[in-house]
Amino acid sequence: MAKKNSVIELDEVVVKFAGDSGDGMQLTGDQFSDTSAFIGNDLSTFPDYPSEIRAPQGTVAGVSGFQVHIGHKEVSTPGDQADVLVAMNPAALKANMKWVKDGATIIIDIDNFDNKHYKKAGYVEDPLHDNSLEGYNVVKAPITMLSRNVATSAGLDNKTADKTKNQFVAGLLYWLFNRDIKIGEDFLKQKFMSKPALVKANIAVLHEGYNYAETIEALSTTFHVDPVKGKKGLFRTITGNQATAWGLLAAAEKAGLELYLGSYPITPATEILQEIVKHKHLGAVAFQAEDEIAGISSAIGASFAGKLAATSTSGPGLALKGEAIGLAVMTELPLVIVNVQRGGPSTGLPTKTEQADLLQALYGRNGESPCIVIAASTPANCFNYAFEAAKLSLEHMTPVILLTDSFLANGSELWKIPKMKEMPAIVPPRVEDNAKDFYPYHRDPKRLNRYWAVPGQPGLRHRIGGLEKGDVTGEVSHDPMNHQIMVEHRECKVQKVAEFIPEQEVTGPESGDLLVVGWGGSYGALISAVTDLRDEGKSISLTQFNYINPLPGNTEEVFSRFKKILVCELNMGQFASYLRSKHPRFEYLQYNKIQGLPLFISELKIKFNEVLESI
Amino acid sequence: MATKFEPLSIATKEDFKLGAPVKWCAGCGGHSVLSSVINVLPETGAPKENIVFVSGIGCSSRFPYYINTYGFHSMHGRAMAIASGIKAANPSLSVWIVTGDGDSMAIGGNHFIHIIRRNINVNILLFNNKIYGLTKGQYSPTTPKGSITKTSPEGTIENAFKPGELTMGAQGTFYARTVDSDPKMMREVFAAAAAHKGTSVVEILQNCVIFANQVHKEITGKDVRKDNQIYLKHGEPMIFGKERNRGLMMKCSKMEAVTIGENGITEDDLIVHNAYDVDDTNHYRLVRMELPEFPVAMGVIRAVDSTVFESELYNQVQKAKKESKIKNMDDLMHSGNVFESKG
C-alpha cells in the first residue's frame, strides 16, 4: 500500500453515494458496505431512490442515492448527514447538499459539471464558482473520462465502458478509507462471475480510481475506522425485506411445515416475494397472484390446506386485503400479513418511509375483527419478528399483521447469524387423523385457539367460512347469544397473547424524567438520540414497542415510572392515540413527522431537550 | 359431524350426505345439482377426505354447507383464488368450486380468468341463473340485454357475458354446458369435468324460481328441449331435434342448422364434434349459438390437454430440492458473503 500523508482515526463515518438512477450507485454502496463488514465495522445502510425506474437523466428527480454509516462502535442508523458525498452530476449535488456535514469531503465527477447539466439540475449559478461549496473539501475528479479510457482499453465499447465509472468511485473510496482493494476485486469477480471481460475492465477502473486518489493532493488525508470490538461470531449484511423472508422460511422449518407466500408485486414489499421464490429448494412456494386480494385469498386457501401461509404487501395492498383478513379472523386460520409501510394515503410516496398504517392494521376491517399486530424495529430484527409473527399465528390460530416500513425494508445492517437449534420451537395445534369428537370450533383453554384439521386428513371433514359459526360445533349460526360469545372468544384469544410475549423493556434507567416511546422502525434514531442525551447527563430512557396488539402486560407499569412520556412516530399520532385508548391515565406528548423521511437524531435531540427543560 | 371412525375406503354417495337442512327455495335448481354432484363423487375415485368444496358468496355458494366434504364458504368472488392456494398447497386434493353468475362473472371476474389461464386442476360449477338471487333480484353480467330487474326498471342496457366465451378467451382447456333439469346429462358432464386435468368450467343453466323463474324455459322446457338443445358428444355428428333429423353443418365457413333429408343433406354432411381440437374456432361457434337460429349447445364443448399449474410448480420444487446444496436454513444463512468477527 502506498504511503499516506496522514490517517485520521474515526469512530464512525457516513458516506453518501448519489448519481443518476443508472449510475450504479446502489452497487458501489453495496460493495463499500460489504468491504466494511468484511473488515469488521458495524454498519447500517439506506438506499434512497426515485419511484421512476429511469427518471430523466441529470435531473433532481432522477437522483438515486445510497447512504452507508460505518462504525468502530455499534451503529444504529444510516446517519443523519454525510461526512463524504459522492455526486456524479450537478443534480446529485443539488439534491444532497442539505444532507452533508459542514466541512465534508465532496467528490464530484467534473466531467458532468457543465452548463448543460446545470440547466437540467435547475442551477442558475455554477455551484463550483458561487461560493456555495466554501468550507467543503471538494474533489473534482474526471471520473467519466478516466473510466472510459481505461475500460475501452480493456476492450469495452463506449456505452458499456461508462457503466464502470462507479468502480472509479469505489477505487477512490478504498484509498480514502484505507481499504484493501483486493476485497473490491473479489466483490467484482463474484458479481460478474460469468462475464470475465466485465470483471477485467471493472477491476482496471477500480485501480484507476485508487491510483488517482493516491496522486492528488485533495485526498492526502485519509480515514481509518477500526473494527468493532466485542462483536464475536459469524455475521452477514441483511436488508429488512430479506430478513423478513428468511424469518418466515425459518419459522416454517421450525414448525415442520412448508412456506406458502401469496403476493402481488408492490413497492417496497416486492423483494420479499422475489426472495421467497428463490427458495423452492426449501419447499417454499411463492405464488404471484393476479391482484392483492388473490394473493391473500390464495394464502388463506393454503393455510386451510396446512401450509404456513403468508402474504406481503404495502399500505394500498393492505387496504385491498381487509375483507380477506376478516375471513382469516372468522375462520381462525393461521396467516401472516406483512405490511411494508410507505408514504400514503393512496399511492402516496411509494419509495419513501412512513408509519401511518398502524390504525389500518389495528382497525381496518368490518366488524369486530381483532388481529395480533407486531412491528420490527431494525432491518435485521425483521427476521425475528417475521419468525415471531408466524409462531404466534400458528400457535394461536389467528392472523398476525407484521408491520415493517420502507426504511427497514431497504436498509441493511450487520446481522449475527442465528443458529436454528437455538430458535424457539413452534408447535401448531394440529389434530390427529380420525380424532374422536373433533369439532372445528372446539378450543384449547390455554390460548383459546381452535384446532387445525386439514383436507386430506381422514375422519375430520368439516366446513368453515365467513358466516358466523356456532361455538364448538362450527355449524352456521345466527343465534344472538352465540355471536356475542364468538366475538368475545376471538377478542380474548388475541388479548391472551400478552401471556406469551416478553415484557416491555426500558433502555436506560428504569425510572426518571422523560420516557421516549417509539414503535417499529424508528428505533435506530430514537436509541441514538436518547443515548447521546443520557451521555450528557440527562434523565431520559427509551421504550420501543414491537408488540402492538396486544400490548405487553407491564406497559402501564412502565409508563407510571416516568414524569413525562413522549411518543415519537412517523405519522400524525396514531400510536399515541392508541395508547390513550388503552392506558388513558397518562398524558402522551407527541413528536410527529410526516415527510417520507426517517427520524433524524439531530431533530430528536432538540425535541427531547425542549421537553426535558419543561420538567 | 365426523365423530365416528372413518376408514379409508371407496366412498358411496351416502358418505357425502349431511344431515343439515338445505336452505335453498323449494323449486330452486340447486337441489338437483347437489344430488347430481353427490351421485357423481363416488365415481371420481377420489378418497372422500381428499375432496374439498370451495365457494364464494351467493345462493349457490351455500353449497359446501350441504355436502359432507371439507368445505370452505369464502368471500364474494374469491373462491377461485382460495382454491388456487389450496391446490398450490396440496395438488393431491380434488377441489370443486361452486359459484354463480354474479360471483364469478362480476366481482370475481378477475380470479375466474386467471385460474383458467393458469390451468389449475379444479372443477368449477358455475350456476348461471342470470340474476342476483341472494340480494333479491338485481341484474347480473349474464342477464340478457333489455331485461327488467330491480336495478334495471327500464331494461338492462349492458351486453351479457357468455361464460364459455370468457373461458376460451382466457385459454380455457375445458368448458361444458348443462342444465339443472337433466340429471343424466349433469352426471355425465360432471364426471368428464372431474376427469379433465386442468381447470374445468361447467356452466349449469339453473332456474331461480323466485327472481328469474323460467329464464331458461325456451331451452329446458320439456316440450322444446329436444329441438332447442344439442347435446354434443366428442366424435359424433352434431344431430339434434325430437326426430333426430336436424343437424349442424359448415357452409362457406359459417355454421348452419340444417334438416337431414332436405336439399340432399345426409348425416355425412354434418360436422363431427371434436372436443379435443386445440383450435378453438369451432368451440367458439358452438358456445355462441343462440335460439331461434340455432339450438343451444350442451355437453362437453372443449376438453384439451395443456400443462397444469401445480404440476409444473412441484416439478420446479422437486428439481430445486434435488439440485440445491442448501438443504435447510442453517445452510442458507451461511451461504454467500459471511464475515467472521473475532471481536
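The values are calculated or read from the model by the stated rules, or taken from the named source; none is laboratory data. The structure displayed is predicted, hence computed values, not measured ones. Every residue, glycine among them, receives a Cβ derived from its backbone with ideal geometry; neighbour counts consider all protein chains shown.
Worth pointing out:
- Residue pairs whose Cβ atoms lie under 6 Å apart, separated by 6 or more positions or on different chains, with the first residue in region A:295-309 and at the interface with chain B (Cβ under 8 Å from one of its Cβ atoms) and the second in a helix (DSSP H, G or I) and among the hydroxyl-bearing types (Ser, Thr, Tyr), are A:298/B:84; A:309/A:303.
- Yes/no for residue B:83 being small (Gly, Ala, Ser) and not in a helix (DSSP H, G or I): no
- Wholly within region B:240-309, strands (runs of 3 or more DSSP E) carrying at least 1 residues that are out of contact with any His (no Cβ under 8 Å at 6 or more places or on another chain) and more than 26 Å from residue B:172 (Cβ to Cβ): B:246-251, B:254-259
- Identity of the residue in region B:14-35, within 12 Å of chain A (Cβ to nearest Cβ) and part of a helix (DSSP H, G or I), that ends up nearest to residue B:71 (Cα to Cα): B:16
- Any hit, region B:132-141, residues being surrounded by 21 or more Cβ atoms within 10 Å (Cβ to Cβ), more than 17 Å from the chain's Cα centre (by Cα) and not in a loop (DSSP other than H, G, I, E, B): yes
- Failed criterion for residue A:199 (all others in (1) in contact with a helix residue (DSSP H, G or I) (Cβ under 8 Å, 6 or more places away or on another chain); (2) in contact (Cβ under 8 Å) with a residue 12 or more places away in the chain; (3) part of a helix (DSSP H, G or I) hold): (2)
- Scanning region B:150-170 for residues that are closer than 23 Å to residue B:297 by Cα and part of a loop (DSSP other than H, G, I, E, B) yields B:159, B:160, B:161, B:162, B:170.
- Residue that is farthest from residue A:414 (Cα to Cα), among those in region A:214-241 that are in contact with a strand residue (DSSP E or B) (Cβ under 8 Å, 6 or more places away or on another chain) and of a type in the set (S, T, N, Q): A:220
- Of the helices (runs of 4 or more DSSP H) contained entirely in region A:61-162, those carrying at least 1 residues that are over 23 Å from residue A:49 (Cβ atoms) fall at A:115-121, A:143-153, A:158-162.
- For the residues A:446, A:436, the requirement of being of a type in the set (D, E, K, R) and modelled with pLDDT under 95 singles out A:436.
- Of the criteria (1) within 14 Å of chain A (Cβ to nearest Cβ); (2) in contact with a Phe, Trp or Tyr (Cβ under 8 Å, 6 or more places away or on another chain); (3) modelled with pLDDT of 95 or more, which one residue B:230 fails: (1)
- Residue A:293 vs. criteria part of a helix (DSSP H, G or I), aliphatic (A, V, I, L, M), closer than 25 Å to residue B:319 by Cβ and touching a Leu at 6+ places or on another chain (Cβ under 7 Å): no
- Count of residues meeting criterion [touching a strand residue (DSSP E or B) at 6+ places or on another chain (Cβ under 8 Å) and surrounded by fewer than 16 Cβ atoms within 10 Å (Cβ to Cβ)] in region B:143-177: 2
- Residue count, region A:365-423 (criterion: surrounded by fewer than 24 Cβ atoms within 10 Å (Cβ to Cβ) and aromatic (Phe, Trp, Tyr)): 1
- Verdict on residue A:170 being within 17 Å of residue A:198 (Cβ to Cβ), of a type in the set (A, V, I, L, M, F, W, C) and over 34 Å from the mean Cα position of the chain (by Cα): no
- Evaluating residue A:433 against the criteria (1) within 14 Å of chain B (Cβ to nearest Cβ); (2) closer than 25 Å to residue B:335 by Cα leaves one unmet condition, (2).
- Members of region A:230-251 found to be touching a Gly at 6+ places or on another chain (Cβ under 9 Å), buried (at least 22 other Cβ atoms within 10 Å of the Cβ) and facing another protein chain (nearest Cβ under 9 Å), listed by number: A:235
- Condition broken by residue A:322, with the remaining ones in (1) more than 7 Å from chain B (Cβ to nearest Cβ); (2) touching a residue at least 40 places away in the same chain (Cβ under 8 Å); (3) buried (at least 24 other Cβ atoms within 10 Å of the Cβ); (4) over 21 Å from the mean Cα position of the chain (by Cα) satisfied: (3)
- Hits in region A:252-267 - residues which are within 14 Å of chain B (Cβ to nearest Cβ) and out of contact with any Phe, Trp or Tyr (no Cβ under 6 Å at 6 or more places or on another chain): A:252, A:253, A:254, A:255, A:256, A:257, A:258, A:259, A:260, A:261, A:263, A:264
- Matching entry among A:316, A:334 (being more than 7 Å from every other protein chain (Cβ to nearest Cβ) and within 16 Å of residue A:247 (Cβ to Cβ)): A:334
- Selection from region A:247-286 of residues that are assigned to a loop (DSSP other than H, G, I, E, B) and of a type in the set (A, V, I, L, M, F, W, C): A:257, A:266, A:269, A:284
- Scanning region A:184-222 for residues that are surrounded by fewer than 18 Cβ atoms within 10 Å (Cβ to Cβ) and under 29 Å from the mean Cα position of the chain (by Cα) gives A:185, A:186, A:189, A:190, A:191, A:192, A:193.
- The one condition in (1) more than 11 Å from chain B (Cβ to nearest Cβ); (2) out of contact with any helix residue (DSSP H, G or I) (no Cβ under 7 Å at 6 or more places or on another chain) that residue A:227 fails to fulfil: (1)
- When B:287, B:308, B:258, B:296 are screened for being more than 19 Å from residue B:232 (Cβ to Cβ), among the β-branched types (Val, Ile, Thr) and surrounded by 13 or more Cβ atoms within 10 Å (Cβ to Cβ), only B:308 passes.
- Filter result (touching a His at 6+ places or on another chain (Cβ under 8 Å) and within 14 Å of chain B (Cβ to nearest Cβ)) within region A:440-450: A:440
- Helices (runs of 4 or more DSSP H) contained entirely in region A:502-615, each with at least 1 residues that are in contact with a helix residue (DSSP H, G or I) (Cβ under 7 Å, 6 or more places away or on another chain): A:523-535, A:574-582, A:601-613
- Boolean, residue B:63 is part of a helix (DSSP H, G or I), on the phi < 0 side of the Ramachandran plot and surrounded by 24 or more Cβ atoms within 10 Å (Cβ to Cβ): yes
- Exactly one residue among A:355, A:360 is in contact with a Leu (Cβ under 7 Å, 6 or more places away or on another chain), crowded, with 24+ Cβ neighbours inside 10 Å and at pLDDT 95 or above, and that residue is A:355.
- When we screen A:82, A:95, A:104 for residues that are of a type in the set (A, V, I, L, M, F, W, C), under 21 Å from residue A:141 (Cα atoms) and either within 14 Å of chain B (Cβ to nearest Cβ) or surrounded by 24 or more Cβ atoms within 10 Å (Cβ to Cβ) (or both), the only hit is A:82.
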